[in-house]
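Data block below; observations after.
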Amino acid sequence: RHYAGPVVYDVDGWLDRNRDRLHDDCAVLARGSSNKFIREVFEARPDAAAAAAASSRRKRRTPETVAARFKSRLQQLMDEIERTD
C-alpha cells in the first residue's frame, strides 16, 4: 500500500516513453555505487563494449537509452528465472 493511498500504475507504452539517452557519466556513477544492486544493474556489459567498438568503426554511435538498458536487464532477469525452474 502506498503512503498516499491507493495508487494505480500504468505500464502501457513505458518503453516508448523512456527513450532518453543514458548518459555515460550517470552510468559510471551508478557503477561506483556502494549499493550492490545498483552496481549490478549498471555494470559494463561486454556486448555493449563490442557494439560500441563496431559502431565507432562506422563513425556513428547509437547511444544506449534508459529503455534499452531496462529491456536488456529484464531479459537477463527472465533468463535467470528460467534457469532456476
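A few remarks follow.
- Cβ-Cβ distances below 8 Å connect no pair with a first residue in the range 1-18 that is over 18 Å from residue 64 (Cα atoms), a second residue that is open to solvent by 100 Å² or more (accessible area, probe 1.4 Å) and in a helix (DSSP H, G or I), and a separation of six or more residues or different chains.
- First in the range 33-52 and under 17 Å from residue 75 (Cβ atoms) and of a type outside the set (Ser, Thr, Tyr), second anywhere and at pLDDT below 85 and part of a loop (DSSP other than H, G, I, E, B), Cβ under 7 Å, 6 or more apart: 48/64
- Segments classed as helices (runs of 4 or more DSSP H), wholly inside the range 2-71, with at least 1 members that are at pLDDT 80 or above and either surrounded by 13 or more Cβ atoms within 10 Å (Cβ to Cβ) or touching a Lys or Arg at 6+ places or on another chain (Cβ under 9 Å) (or both): 24-31, 36-41
The values are calculated or read from the model by the stated rules, or taken from the named source; none is laboratory data. The structure presented is a predicted model; accordingly, all values stated were derived computationally and were not measured. Counting neighbours? That spans all protein chains shown, and the Cβs are built from the backbone with ideal geometry, glycine included. Quick note on the areas: whole protein, heavy atoms, side chains included, nothing else; ligands and nucleic acids left out. Shrake-Rupley method; radii C 1.70, N 1.55, O 1.52, S 1.80 Å.
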